[in-house]
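Student: Could you have a look at this structure, given as structure tokens, before my questions?
The values are calculated or read from the model by the stated rules, or taken from the named source; none is laboratory data. All values reported here derive from a predicted model rather than from experimental measurement. For neighbour counting, all protein chains shown are included, and Cβ atoms are generated from backbone atoms with ideal geometry for every residue, glycine included. Areas reflect the complete protein model, heavy atoms only, side chains present, ligands, DNA and RNA absent. Shrake-Rupley method; radii C 1.70, N 1.55, O 1.52, S 1.80 Å.
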Amino acid sequence: MTRRRFYAPVSAFASDFANVSLAQDEARHLREVLRLRIGDQVYVFDGKGKEFHCRIEESRRDTAQLKVIAEIAPARPESPLAITLAVALLKGEKFDLVVQKATELGVVRVVPVVTKLADIRLRDESDAAKRVARWGRIALEAAKQSGRAVVPEVAAPVSFASLIHEAGNEPGASQLMFSERDGQSLKDAMPMLTTNPGGMTALVGSEGGWVDEELETARLAGWTIITLGGRTLRAETAAIAVAVLLQHLAGDLV
């Protein structure tokens, strides 16, 4: 039987984890969509990797109070490969799709990147915050649907230079930049992936691709440039394909 799953942040749990409160949106879904009643049993995950078997104690329009019966193993385990998927900014629905599918595929973090040839430009900080909030909601719904107890972080947009510098400072992590040109095959990079499968940042470009300056900057910073086959992929297709391939090579898609 499919678990009836709800999300509550760690702060919504009592200090002893004996009970938990659902916020308005989740409570409305419980009451008005699923028609659940007091005494029915459900599952609640905290977005950080924990999941709990619970019983409905109180149900109102704007909140629901649940009794925690027991902590249980999440419906779907997390991948041993911690992938940060960095993607050049794409127009609305394209980036939405990347966030949704990356979450389903086990990515732990999504980073929007401002590049030379990115599809869109952010107007200001308010515009960026609204987009990040939207992507966060998409990640939450995808985690709920896919059985994950971890909701991937969707970071605030960063510049290309910032990403290259910050990722390079992560000890033991691998940095892969996917380009339609000037790279080696993923097959040739496989030994590195399989011997050091811990953390990994995978950077995928926009529809316009990378300019020479960006490729050179990444290469000098120690990033490995990878080219996938001979066909030109849309940026959103490439991002999803990269997540699948890396999970297959060093993660849990076998």
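Student: Given the range 98-245, what whole percent of its Cα pairs are spread farther than 23 Å?
Tutor: The calculated P(r) of the range 98-245 puts 36 percent of pairs beyond 23 Å.
Student: Say the cut-off is 19 Å between C-alpha atoms; which of Lys116/Lys187; Lys91/Lys144; Lys50/Lys144; Lys94/Lys130; Lys48/Lys91 go over it?
Tutor: On the way: Lys116/Lys187 28 Å; Lys91/Lys144 25 Å; Lys50/Lys144 13 Å; Lys94/Lys130 16 Å; Lys48/Lys91 29 Å.
In this structure, Lys116/Lys187; Lys91/Lys144; Lys48/Lys91 exceed 19 Å between Cα atoms.
Student: Can you compute the charge dipole magnitude of the chain about its Cα centre, using +1 on each Lys and Arg Cβ and -1 on each Asp and Glu Cβ, nothing else charged? Give it in debye, rounded to the nearest 20.
Tutor: Its charge dipole is roughly 940 debye.
Student: Taking the range 1-86, which chymotrypsin sites (Phe, Trp or Tyr not before Pro) meet the DSSP loop condition and have no more than 16 other C-beta atoms within 10 Å?
Tutor: Sites meeting the loop and neighbour criteria: Phe17.
Student: Let me ask something else about it. If you roll a 1.4 angstrom probe over the protein chains with everything in place, what fraction of the accessible area of the chain belongs to carbon and sulfur, to the nearest %?
Tutor: Details: 6450 of 12770 Å².
Carbon and sulfur atoms account for 50 percent of the accessible area of the chain.
Student: Also, quick follow-up: Grab the eigenvalues of the alpha-carbon gyration tensor for the range 92-140, scale each by 5, take roots, and send me the semi-axes largest first in whole angstrom.
Tutor: For the range 92-140, the semi-axes come out at 19, 13, 9 Å.
Student: Still on this structure, I have one more. For the range 180-254, what does the equivalent ellipsoid look like in terms of its semi-axes, each the square root of 5 times an eigenvalue of the Cα gyration tensor, given largest first in whole Å?
Tutor: Output for the range 180-254: semi-axes of 20, 16, 11 Å.
Student: Right, here's the next one. So how long is each side of the range 31-110 along the principal axes, counting just the alpha-carbon atoms, biggest first, in Å?
Tutor: 46, 30, 15
Student: Using only C-alpha positions, report the orientation-averaged shadow area of the convex hull of the range 71-152, nm², one decimal.
Tutor: 5.9
Student: Can you quote the Å³ per residue value for the convex hull of the Cα atoms in the range 1-160, rounded to an integer?
Tutor: Convex hull of Cα atoms, per residue: 129 Å³.
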